[in-house]
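K.L.:
Pasting in a structure now, in C-alpha cells, and then I'll have a few things to ask.
Here, each number is a calculation from the coordinates, and none is a lab measurement. Keep in mind that what you see is a predicted model, and the values were worked out from it rather than measured. All Cβ positions, even for glycine, are placed from backbone atoms using ideal geometry, and neighbour counts span all protein chains on display.
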Amino acid sequence: MGPSLHIVICQLIVLLLMPVFYSEDQQCRLPVTELGGMLQPGDIMAGVILPVHLDNLYQQVFFNKRPPKTTCTIFHYESYQQLQTVIFAIEEINRNPNILTNISLGFQAYDSCSILQQSVQGTFQVLSGRSTAIPNYRCTGDVPFSAVIGQSASTHSIILAHILGLYRYPQISHFSTSPLLSNSNTFPSFFRTVPSDTFQAQGVAKMALNFGWKWVGILAVDNDYGKQGIQLVTQEIAKAGACVAFTENIVKSQRDRNAPQIVKVMKSSTAKVVIVFSIDLDLIPILDEMLLRKIPGKIFVASEAWSTSTLFNMEKYSRLIIGTLGLAIPRGTIPGLREHLNKVHPSMTFGGIWAELLWEKSFGCKFVDVKNGTVSANTQIKECTGEENLESLQTNYNDVSRLRITYNIYTAAHVLARALEDLKTCNKEEGPFIRERCADILTFKPWQLLHYMKKVKIKLSSGRELYFDRNGNPPAAYDIINWQLGPNGTIRHVNVGNYDTSAFLGQVFTINTSAIVWGTEDQQVPVSVCSQSCPPGFRKATKRGEPFCCFQCVPCPQGEISNQTDYIGCIKCPWDQWPSPQKSLCLPKPLEYLSYDDPMGSAIMAGSITSSLVPAFILRLFIQQKSSPIVKANNYPLSCILLVSLSLCFLSALAFIGYPQPVMCSLRQTMFGMVFALCISCILSKTIMVVCAFMATKPGSNLRKWTMPRVSYIIISICSLLQFLLCITWLSLVPPFPELNTETQPRLIIVECNEGSPTAFWCMVGYLGFLATISFIVAFLARRLPDSFNEARFITFSMLAFLSVWVSYIPASLSARGKYTVAMEIFAILSSSWALVICMFVPKCFIIVFRPDMNSRDHLMQKDRK
C-alpha cells in the first residue's frame with residue numbers, strides 16, 4: 001500500500017470523525033482531552049515528545065463512563081533535564097549567526113507520561129500546530145513543521161514512526177533502540193542518535209565471551225524493546241558459544257511487574273549472570289523481591305536503558321547491584337548547559353507547572369494550593385517560597401558531568417538544525433529535486449527536509465562523526481560501565497571499557513578487567529556456567545534434553561587427545577605418536593626392539609658368546625684327544641664339524657639383536673636355518689653311520705661300503721643343500737624386510753623384521769624338524785646297540801630335547817609380542833643348541849677329563865663283551 005493511498009484513507013477517516021468531534025449534540029460528542037505542554041513560537045516549528053513522568057496511577061476503567069483523567073506520577077529528573085537541553089539547544093541555534101540566519105526555530109513539547117496514548121495525542125497536537133489534535137490538518141499552515149524529536153521508548157517510537165512516516169515527517173529519537181526501527185521500508189522517515197539494539201546485543205555477547213560466562217539468564221520488559229532484546233541477545237550469545245538458562249518477562253501491566261515469579265526462577269537457576277533489558281523503574285520491583293527473598297550473588301548486565309540510572313542510589317540496593325556491568329551511550333559535553341538548567345524557575349511564562357514539580361522534588365517543599373490556600377494536608381512538608389537556589393544543589397537534574405542520553409537529544413536538535421541549514425543553503429542551480437530545484441526554507445515539504453536528513457554529518461564533542469546509514473542508524477559506540485560503591489555510600493558509574501564498531505580491528509571491544517569491582521566476596525570474576533570446563537584430555541558430551549552448555553566430561557578414548565579446554569571431539573594422534581598420560585598432547589611413540597643396551601639383549605649377547613665358547617673348548621679337547629678310543633669311536637671328523645656348527649648356532653643368535661637393518665633382516669633367519677641344517681645334518685649322518693657300522697659287522701653284509709667317510713659328507717651336503725635351496729628361493733621371491741609395527745602394541749612402535757612369507761619361514765623350521773625327527777627315529781631304533789656304540793642313545797636324547805624345544809617355541813612365539821617374540825626365538829636357538837651340546841658331548845668330555853681310565857680300547861671291548 002503506497003503512501004498516497006495511506007493519506008487518502010486518513011483523510012476519509014478524518015471526514016467521518018469531524019462531525020463526531022465537533023457535534024452540537026454533547027451527548028454523542030467524544031471527549032477530547034488536550035495535553036498540557038510547552039510552546040515556543042518560531043518561523044519553523046519542531047515537536048518534542050518526552051516522558052517527563054515515568055508512570056501514572058492505575059485506575060479502573062468502566063466502558064459506560066468517560067475514562068478518568070490520567071494522573072502522572074514519578075517526576076523524572078533526567079527526562080526534564082533532556083527537555084531543558086532541547087530548549088537550550090534551540091536557543092543556541094537561534095543565537096548562532098552561522099545557522100539558519102534570520103530564521104527562528106520554535107517548538108511544541110509534550111509529556112507522554114510513559115503512556116502510549118499520550119505519545120500519539122502529543123504527536124497529533126504538534127502536527128496540528130495547536131493544543132487540539134486534528135488528524136490530517138495543520139492549523140498554522142503558514143508556519144512549516146519540521147520534525148519530531150523523541151520518543152525515548154521504542155514501542156512509542158514505532159507507533160509515532162508509522163504516523164509520521166505516512167507524511168514523511170522526520171522523526172529523530174534519542175533513545176529508541178529497537179532493531180525493528182531499522183527497517184527503512186516500514187519507517188522511511190525515522191532516524192536516531194542512539195545505536196540499534198543489534199549492536200548492543202553483540203556487545204553483551206562479547207562481554208559474556210570475554211569473562212567466560214556460558215550460562216546466563218535474561219530478563220526483559222514485555223514490549224518491543226524487551227522482546228527484541230531477548231531475541232537478539234539469545235542469537236548473539238548462541239554465536240558466542242553460550243546458553244540462556246532462563247528468559248522471563250517483566251510485565252508492565254502488573255503492579256508488581258511479575259516479580260515473585262521472576263525471582264523464584266532466578267533463585268532456582270544456577271546462572272550467576274542476569275542480562276536485563278528494561279528501564280530502571282520496571283526493575284525496582286524485581287530488586288525489592290530479591291531483598292525480600294534474600295537472593296544475593298547475581299551479577300547484572302544492564303542494557304543502555306538503565307546502565308547509568310540513578311534510581312538505585314539507595315543503601316538497600318547496593319549489595320544487589322554492586323558489580324553490575326552495562327553498555328552505556330558515550331558521554332558528551334555541552335558547555336553552558338548547567339547555567340541554563342539552574343536558571344529554570346517556577347515563574348517561567350511557559351512550562352511553569354513542570355518547573356514547580358522540579359522545585360518541589362529538589363527542595364522537598366510544596367507550593368501553596370491556590371484553591372484552598374494550604375500547602376498540604378501533611379504539615380511535615382514545608383512551603384516553597386521560590387527563593388530557593390538550584391545552584392546550591394547537586395542533583396541528577398543539574399549534574400552535567402555524565403551527559404549520555406541528554407547529549408543524544410542535544411545532538412538530535414543540532415541534526416535537525418543542520419538539515420534545515422543544508423536545505424536553506426541549497427545551490428539553486430544544483431538542487432536535488434525535479435529540474436534541479438531547491439526547497440524554500442519557509443514553505444518546504446516534509447519529504448524535502450527528509451532528503452537532507454539522510455545526508456547530515458555533524459561532529460560530536462568526542463571528536464567522532466555522526467551520520468546516518470540507509471536505515472537511519474548512526475555508527476554504534478558504547479561505554480562499558482561498572483557499578484561501584486563510592487566513598488559516600490552512593491553508586492558510581494565507572495567507565496571500564498569501550499565497544500566501538502567503527503574502531504580499528506582489534507580495538508572494537510576493549511575492557512580493563514583490573515578496574516572492575518565485582519559484587520563478590522573474593523573480588524574474582526564470577527563463574528557462570530552450567531557445567532565446569534572440561535580440561536585437556538577430556539571431551540564434552542552433551543546431556544540428553546539439556547542445552548549444549550550443560551555437558552559431562554568424558555575421557556578421550558585410547559589413542560586420542562584434546563589439547564584445549566571444552567573440546568567437543570578428541571583428536572587422533574598420528575600413527576607414530578601416542579597420547580601423554582594426561583591425554584593432552586601426542587608424544588613420539590618409543591621404538592621397541594631387542595637392543596644391546598636392553599638388559600635382556602645384553603644378557604642374551606653375553607650368553608650367546610659364552611655359549612659359543614663351549615663347543616670351541618670341546619673341539620679343542622677333541623683335537624687333543626683325537627687318537628683316544630672314545631673320540632675315534634664317535635667319528636672324529638663328524639664330531640668336529642658338529643662342534644663347529646654348534647658354535648655357529650650359538651653365535652647366530654647375535655643376528656637377532658640390534659636395530660633391524662634390511663641386510664640383517666634378510667640374512668638372520670637364513671643364517672639360523674643354514675647352521676642348524678648343518679648341525680642336524682651332521683647328527684643325522686652320524687646316526688646313519690652308527691647304524692651302518694653295526695650292520696656291516698654282520699657276516700655277509702653289503703653295508704661296509706656305506707661306512708666310508710665320504711658317505712657322511714654326502715649326506716651332510718645333500719641335507720644342507722636342500723635347506724640352502726629353500727632359503728635362496730625365499731630370499732629371491734619374498735625376502736624379509738624391516739617393518740614398523742603399530743598394531744601389536746598401540747603405545748609402541750615395534751621395529752621388527754617382517755618375514756616376508758610366513759610359509760617360507762615355517763617350511764625352513766619344519767625342514768629342521770623333519771631332519772631332527774628322522775635322526776630321532778633312527779637313533780631310537782638303534783638305541784639297543786652294544787655299549788661300544790652307545791652314540792645312538794645320546795642322539796636319541798639330543799633329538800628329543802631339540803624337538804621338544806622347537807615344538808614348545810611354536811605356541812610361545814604366537815603369544816609373545818614385540819621384542820619378546822625375538823627373545824623367544826633366541827631362547828629356542830640357545831636352548832636347542834645347549835641340548836645338543838649336553839646330550840652329545842658332555843658325557844664324552846666327562847670321561848676324557850675326569851675318567852681317563854675309561855678312555856681305553858680294553859675298557860670299551862670289555863663292556864662290549866658284557
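K.L.:
Over all directions, what mean area does the Cα convex hull of region 200-244 project, stated in square nanometres?
P.N.:
For the Cα atoms of region 200-244, the hull's average projected area reads 2.6 nm².
K.L.:
Same structure, new question: In whole Å and largest first, what semi-axes does the C-alpha gyration tensor of region 509-629 yield when each eigenvalue is scaled by 5 and square-rooted?
P.N.:
68, 17, 11
K.L.:
Take region 495-560, compute every pairwise Cα distance, and split them into 5 Å bins from 0; I just need the percent in each bin.
P.N.:
Result, from short to long distances: 3, 14, 13, 11, 11, 14, 17, 10, 5, 1 percent.
K.L.:
Taking residue 686 as the anchor, which lysines have their alpha carbon closer than 26 Å to its alpha carbon, excluding any fewer than eight residues away along the same chain?
P.N.:
Correct list for residue 686: 626, 632, 698, 705, 844, 863, 866.
K.L.:
Additional query: Taking each pair of different alpha-carbon atoms in region 463-578 once, compute 1/r for the pair, average those values, and report the inverse of that mean as the Kirkwood hydrodynamic radius in Å to one decimal.
P.N.:
19.0 Å
K.L.:
Residues with beta-carbon under 15 Å from that of residue 557, excluding residue 557: net charge, scoring Lys, Arg +1 and Asp, Glu -1?
P.N.:
Overall, the nearby charge balance is +4.
K.L.:
Report the percentage of all Cα-Cα pairs in region 287-435 whose separation exceeds 17 Å, rounded to a whole percent.
P.N.:
Cα-Cα pairs in region 287-435 separated by more than 17 Å: 76 percent.
K.L.:
Considering only C-alpha atoms, what is the centroid distance from region 165-207 to region 557-596, in Å?
P.N.:
Their Cα centres are 53 Å away from one another.
K.L.:
With 10 Å bins from zero, work out the P(r) of region 568-627 over every alpha carbon pair and list the percent per bin.
P.N.:
Going out from 0 Å in 10 Å bins, region 568-627 shows 18, 21, 18, 15, 11, 9, 6, 2, 0 percent.
K.L.:
Hey, another quick one. Among the aspartates and glutamates, select those whose C-alpha is under 20 Å from the C-alpha of residue 459, and discard any that sit fewer than 8 residues away in the same chain.
P.N.:
91, 92, 421, 422, 469, 479, 500
K.L.:
Note down the magnitude of the dipole of the chain about its Cα centre, charges +1 on Lys and Arg C-beta and -1 on Asp and Glu C-beta and zero elsewhere, to the nearest 20 debye.
P.N.:
Result for the chain is approximately 4620 debye, rounded to the nearest 20.
K.L.:
If you average 1/r over all unlike Cα pairs in the chain and invert the result, what Kirkwood radius do you get in angstrom?
P.N.:
Kirkwood hydrodynamic radius for the chain: 36.7 Å.
K.L.:
Now, a different point. Could you give the DSSP H helices of the chain that reach 30 angstrom or more along their long axis (alpha carbon positions) and whose average Kyte-Doolittle hydropathy is no lower than 1.0?
P.N.:
Within the chain the helices that satisfy the rule are 599-624, 662-696, 709-733, 758-781, 791-815, 819-850.
K.L.:
Which aspartates and glutamates, if any, have their Cα less than 16 Å from the Cα of residue 214, not counting same-chain residues under 8 positions apart?
P.N.:
236, 546, 566
K.L.:
Right, here's the next one. Rg and Dmax of region 89-182 over Cα atoms: what are they, in angstrom?
P.N.:
14.1, 39
K.L.:
For region 218-308, what is the convex hull volume of the alpha-carbon atoms per residue, in Å³?
P.N.:
Expressed per residue, the convex hull around the Cα atoms of region 218-308 is 88 Å³.
K.L.:
Here's something else I'd like to know. Once you've got the Cα coordinates, tell me which of 252/382; 227/272; 69/366; 227/361; 206/543 are over 30 Å apart.
P.N.:
252/382; 227/361
K.L.:
Then there's this: Can you give the % of DSSP beta bridges in the chain that are antiparallel, to the nearest 5?
P.N.:
Among the beta bridges of the chain, antiparallel pairing accounts for roughly 50 percent.
K.L.:
Once you charge only the Cβ atoms, +1 for Lys and Arg and -1 for Asp and Glu, what is the size of the charge dipole of region 315-375 about its Cα centre, to the nearest 20 debye?
P.N.:
The calculation lands at about 180 debye.
K.L.:
Sticking with this one: Name the residues whose placed amide hydrogens come within less than 5 Å of the amide hydrogen of residue 366, ignoring near sequence neighbours (fewer than 5 apart) on the same chain.
P.N.:
Here 382, 383, 384 satisfy the definition.
K.L.:
Modelled label-to-label distance, residue 533 and residue 624, 7 Å Cα→beta-carbon offset: nm?
P.N.:
Modelled inter-label distance: 8.0 nm.
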